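The values are calculated or read from the model by the stated rules, or taken from the named source; none is laboratory data. All values derive from a computational prediction rather than experimental measurement. Cβ sites come from the backbone with ideal geometry, for glycine too, and all protein chains shown count toward neighbours. Accessible surface areas use protein heavy atoms only, side chains included; no ligands, DNA or RNA. Shrake-Rupley method; radii C 1.70, N 1.55, O 1.52, S 1.80 Å.
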Amino acid sequence: MTEAETGTLRLKTGLAEMLAGGVIMDVTDAAQARIAEEASAVAVMALERVPADIRKEGGVARMADPSIVEAIMRAVTIPVMAKCRIGHFAEARILEALGVDFIDESEVLTPADEAYHVDKHAFTVPFVCGCRDLGEALRRIGEGAALVRTKGEAGTGNVVEAVRHMRAVVSAIRRLATLGPEELMREAKDLGAPYELVRRVARDGRLPVPNFAAGGIATPADAALMMALGAEAVFVGSGIFKSSDPAARARAIVKATTHHADPQAVAEASRGLGEPMRGLDVAALPAGERLQERGW
Amino acid sequence: MSGARVGVLALQGDFAAHARILRALGAEVSEVRRLADLEGLRALVLPGGESTALLRLMDGAPWLDALRAFHAEGGALLGTCAGAILLAREVQPPQPSLGLLDAVVERNAYGRQTESFEAELAAPTFDAPMRGVFIRAPRLTATGPAVEVLARLSGEPVLVRQGRVLAATFHPEMAADDRLHRCLLDQG
């Protein structure tokens, strides 16, 4: 083969674009991964415990045992993602060595480094990172993230924070597109974001990488809401396997994501799904339990 | 041809990238999510994505028959990556497909994402080489006599044409290369 290149930014964001319009589901074993694939998930996120259980059980949440990740990789043909702790580049190297297709440097796990995130340019495998606003999104993209997602508030089954974060990102992008060139350096300073990326977003009216929703999505209507607010795909964590009928709910959330602009289809998908996950009021969470405040 | 009505299958995948290229060429583009959306189209892009997820999303409606009828009635098709898998006669490991391209295709044939690669492709029928962006790409392991090979990588076909069907195992839409989309608009 003539001078093949691997790990280019185009290959990384390219895989993220292939997932657009779809649903990425958290799974903890091979059986759940097969249920997700059967339900038309575009990818699965392999982890040891879903965020709701991490929240409940406490302690330090780390990268999953490699044997769990490998069992899930053997079980399905769709891409497999896995989470490393913020700043834990050794966990990231392990996941890359295992051959996962995407790494989520995730606030759901206990951060390993309070000052620095992983230098994602140094990897062949693509990374996704969470964000609460445009500045945070562009800082992660500047570090090499090929995909951003809202942080939301994972493990709550409450979509309110994902909505807040998606609206913040989308309206800041719209605002940038209205600014004159001389205003962009000031804006970069205020956002705490790399100037070149700010210029690019102002020019294109969109992020240079896809923008997905995550954190608290529990129902087909939640998925449709996030897509309508500008998400290109959705991650569902605890929402599926903490519900009373995971297979049916998984299919329904996929259908609502694909047909988000068609209320009849979303209504049809929402019918008779049994109990959703119980859910938590985010406003009542003590500050230390808000996962979205991990990372910067 | 500007003003042509072109659809992009938008159930899942990189349909937005295809739509951007087609709009820049002056085409009127619509996203296809339901069978009724095929009405009045002259050409259709089957984008990259996850072919298994795409197939399952087509469950519950006679998509494969409708797409074969679209082709039979004169519609032109361009499939990239997962779209090429959908077009093939036979898929390995086995899964349903349209059979509009006399070829056997092997899914994820180059490995996982860390093996995804870019490479220069010899494309003698075009004015210049192509940048092949291969993402968890499939491989065409056999092609029939009616299939014309338009680009190769290390001697293997990666871009083929059979009548009104164009199929690439890579992603021209990721390399800002609009030449295949121009071919599609010329045919549709």
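Things to note:
- Single residue of the range B:159-180 satisfying the filter (open to solvent by less than 20 Å² (accessible area, probe 1.4 Å) and in a strand (DSSP E or B)) that is farthest from the other protein chains (Cβ to nearest Cβ): B:Val165
- Apart from one condition, A:Val44 fits all of (1) modelled with pLDDT under 95; (2) within 12 Å of another protein chain (Cβ to nearest Cβ); the exception is (1).
- For A:Gly274, the requirement of being at pLDDT below 95, open to solvent by 30 Å² or more (accessible area, probe 1.4 Å), over 19 Å from A:Thr156 (Cβ atoms) and part of a loop (DSSP other than H, G, I, E, B) is met.
- The residue of the range A:134-158 that is nearest to A:His88 (Cα to Cα), among those that are without any contact (Cβ under 8 Å) to a residue 60 or more places away in the chain and open to solvent by 10 Å² or more (accessible area, probe 1.4 Å), is A:Glu143.
- Residues in the range A:6-25 that are in contact (Cβ under 8 Å) with a residue 24 or more places away in the chain, over 22 Å from A:Val50 (Cα atoms) and at the interface with chain B (Cβ under 7 Å from one of its Cβ atoms): A:Thr6, A:Leu11, A:Leu15, A:Glu17, A:Met18, A:Ala20, A:Gly21.
- Qualifying residue in the range A:232-247 (condition: part of a helix (DSSP H, G or I), polar (S, T, N, Q) and in contact with a Gly (Cβ under 9 Å, 6 or more places away or on another chain)): yes
- Residues within the range A:277-296 that are modelled with pLDDT under 90 and buried (at least 23 other Cβ atoms within 10 Å of the Cβ), tallied: 1
- The range A:1-45, residues that are under 15 Å from the mean Cα position of the chain (by Cα) and of a type in the set (S, T, N, Q): A:Thr13
- Residues that are closer than 18 Å to B:Ala82 by Cβ and of a type outside the set (Ser, Thr, Tyr), drawn from the range B:119-150: B:Gly132, B:Val133, B:Phe134, B:Ile135, B:Arg136, B:Ala137, B:Pro138, B:Arg139, B:Leu140
- Selection status of A:Ile72, within 14 Å of another protein chain (Cβ to nearest Cβ) and either touching a helix residue (DSSP H, G or I) at 6+ places or on another chain (Cβ under 6 Å) or open to solvent by 10 Å² or more (accessible area, probe 1.4 Å) (or both): yes
Residue-wise test of (1) at pLDDT 95 or above; (2) in contact with a Pro (Cβ under 6 Å, 6 or more places away or on another chain); (3) within 14 Å of another protein chain (Cβ to nearest Cβ).
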site	(1), (2), (3)
B:Glu73	yes, no, no
B:Ala82	yes, no, yes
B:Gln92	yes, no, yes
B:Tyr110	yes, no, yes
B:Thr114	yes, no, yes
B:Ala119	yes, no, yes
B:Phe126	no, no, no
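- Residue in the range A:79-91 that is within 13 Å of chain B (Cβ to nearest Cβ), of a type in the set (A, V, I, L, M, F, W, C) and more than 23 Å from A:Arg294 (Cβ to Cβ) present: yes
- The residues of the range A:228-271 that are under 19 Å from the mean Cα position of the chain (by Cα) and surrounded by fewer than 21 Cβ atoms within 10 Å (Cβ to Cβ), listed by number, are A:Ala228, A:Leu229, A:Gly230.
- Residue-level check: of (1) open to solvent by 10 Å² or more (accessible area, probe 1.4 Å); (2) at pLDDT 95 or above, A:Cys131 misses just (1).
- Considering B:Ala72, B:Ala43, the condition of being among the hydrophobic types (A, V, I, L, M, F, W, C) and over 15 Å from the mean Cα position of the chain (by Cα) is satisfied by B:Ala72 alone.
- Those strands (runs of 3 or more DSSP E) of the range B:1-114 in which at least 3 residues are open to solvent by 40 Å² or more (accessible area, probe 1.4 Å), considering only elements entirely within it, cover B:88-92.
- Residue in the range B:46-59 that is farther than 16 Å from B:Ala82 by Cα, modelled with pLDDT under 95 and within 14 Å of chain A (Cβ to nearest Cβ) present: yes
- Filter result for A:Arg167 (without any contact (Cβ under 8 Å) to a residue 12 or more places away in the chain and either surrounded by fewer than 19 Cβ atoms within 10 Å (Cβ to Cβ) or within 23 Å of A:Thr8 (Cβ to Cβ) (or both)): no
- Extreme residue, surrounded by the fewest Cβ atoms within 10 Å (Cβ to Cβ), among residues of the range B:129-158 that are within 12 Å of chain A (Cβ to nearest Cβ) and of a type in the set (A, V, I, L, M, F, W, C): B:Leu153
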